[in-house]
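Input: a single structure, listed below in structure tokens.
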Amino acid sequence: MKYTIMDLPGVLLLEPKVFNDSRGFFMETFHQKKYADAGIDHVFVQDNYSHSTRGTLRGLHYQLNHPQGKLVYVITGEIYDVAVDIRRGSPGFGKWVGAYLSEKNRRQVFVPEGFAHGFCVVSETADVLYKTTDLYNPDDEYGVVWSDPSIGIDWPVEVPTVSDKDKQYPGLKEAPEIHLPIYQ
């Protein structure tokens with residue numbers, strides 16, 4: 001497996017080895033030792049599956065008291081996946097990184113705890129799987145508005161379909177400090 005540390009420390013772009021032949025392909029989507037060797041020594045406790053249509057934008061989400069690291073990959077279609085450093089006191093505070101993940105490139109992104117996460121669908125549909133390091137807790141759900149100009153994410157969709165809840169999140173500068181994780 002190949003991996004690259006993205007421009008925000010802790011966010012990794014992973015390229016698992018894919019074995020192709022006339023029958024199709026085989027790949028490991030997770031191997032604890034190999035991922036630990038790449039710096040992802042987390043225990044994953046929940047898997048999530050999302051099916052979305054072209055132009056759907058989900059995010060930017062995070063949990064504060066039950067933070068979730070996420071290992072994200074695409075089964076069908078293509079997405080643009082984004083991580084934003086929202087940790088108070090971090091040298092990377094407010095910075096973001098993005099990567100295209102697809103059924104063709106078989107890439108994965110690891111988003112560590114303390115980062116907001118989101119993605120948009122650039123294919124007709126996309127099926128996304130992601131492992132999390134903590135269980136989803138609806139009482140601990142927070143977010144930053146996807147279109148925050150202070151972050152300036154260059155989303156590859158002009159008019160995304162966004163949930164009402166995701167539209168209501170504050171910008172990063174408007175979020176109460178007590179609702180943001182602390183850099184350690």
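The values are calculated or read from the model by the stated rules, or taken from the named source; none is laboratory data. Computed from a predicted model, the values in this text were never measured in an experiment. All Cβ positions, glycine included, derive from the backbone under ideal geometry; neighbour counts span all protein chains shown. In case anyone asks, the SASA skips ligands and DNA or RNA and just uses the protein heavy atoms, side chains included. Shrake-Rupley method; radii C 1.70, N 1.55, O 1.52, S 1.80 Å.
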Legend entry - For the stretch 118-157, average projected area of the Cα convex hull in nm²: 4.3
Legend entry - Sparsely packed trypsin sites (Lys or Arg not before Pro) within the stretch 1-88, loop by DSSP, other Cβ within 10 Å at most 16: K17, R23, R54
Inset, instruction - Evaluate the Kirkwood expression for the hydrodynamic radius of the stretch 51-159, namely the inverse of the mean inverse distance over all pairs of different C-alpha atoms, and round to one decimal in Å. - result: 14.1
Legend entry - Accessible surface of I5 - all protein chains present, 1.4 Å probe, nearest 10 Å²: 110
Inset, instruction - Send over a whole-number figure in Å² for the accessible area per residue of the chain, probe 1.4 Å. - result: 53
Inset, instruction - Rounded to the nearest 0.05, what FRET efficiency do L135 and E103 give with R0 = 30 Å and r taken as the Cβ-Cβ distance? Could you check? - result: 0.60
Inset, instruction - Give the residue from L180, P149, F115 lying farthest towards the positive end of the charge dipole for the chain; charges sit on Cβ (+1 for Lys and Arg, -1 for Asp and Glu) and the dipole is referred to the Cα centre. - result: F115
Legend entry - Overall Cα dimensions of the stretch 64-104 - principal axes, largest extent first, Å: 38, 22, 9
Inset, instruction - Please express the Cα-Cα pair-distance distribution P(r) of the chain as a list of whole percents, one per 5 Å bin, running from 0 to the bin with the greatest distance. - result: 1, 8, 17, 21, 22, 16, 9, 4, 1, 1, 0
Inset, instruction - Using only C-alpha atoms and all pairs of different ones, pull out the Kirkwood radius for the stretch 7-57 in Å with one decimal. - result: 14.2
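Using square roots of five times the C-alpha gyration tensor eigenvalues, list the equivalent-ellipsoid semi-axes of the stretch 117-184 in whole Å, biggest first. Mind dumping the intermediate values first?
Working: eigenvalues 100, 66, 28 Å².
Taking √(5λ) for each eigenvalue gives 22, 18, 12 Å, largest first.
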Legend entry - Point-charge dipole on Cβ atoms (K/R +1, D/E -1) for the chain, about Cα centre, debye to 20: 440
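Over the stretch 42-184, with every protein chain in place, what whole percent of the accessible area is carbon and sulfur at 1.4 Å, could you tell me?
Carbon-and-sulfur percentage of accessible area, whole number: 50.
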Legend entry - 3J(HN,Hα) from dihedral phi, the stretch 86-103, Karplus parametrisation 6.51/-1.76/1.60, rounded to Hz, x for glycine, proline: 10, 7, 4, x, 6, x, x, 3, x, 8, 9, 9, x, 8, 7, 10, 8, 5
Legend entry - Whichever lysines have a C-alpha closer than 19 Å to that of K173, once near sequence neighbours (fewer than 8 apart) are set aside: K95, K165
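Over all directions, what mean area does the Cα convex hull of the stretch 37-80 project, stated in square nanometres?
On the way: hull surface 17.8 nm².
The orientation-averaged projected area of the Cα hull of the stretch 37-80 comes to 4.4 nm².
What's the whole-number percent of alpha carbon pairs in the stretch 1-103 lying beyond 19 angstrom? Don't skip to the answer; put the middle values down first.
Values: 2792 of 5253 pairs.
Summing the P(r) tail past 19 Å for the stretch 1-103 gives 53 percent.
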Inset, instruction - Run through all the Cα pairs of the stretch 85-126 and give the fraction in each 10 Å bin from 0, expressed as whole percent. - result: 23, 45, 24, 7
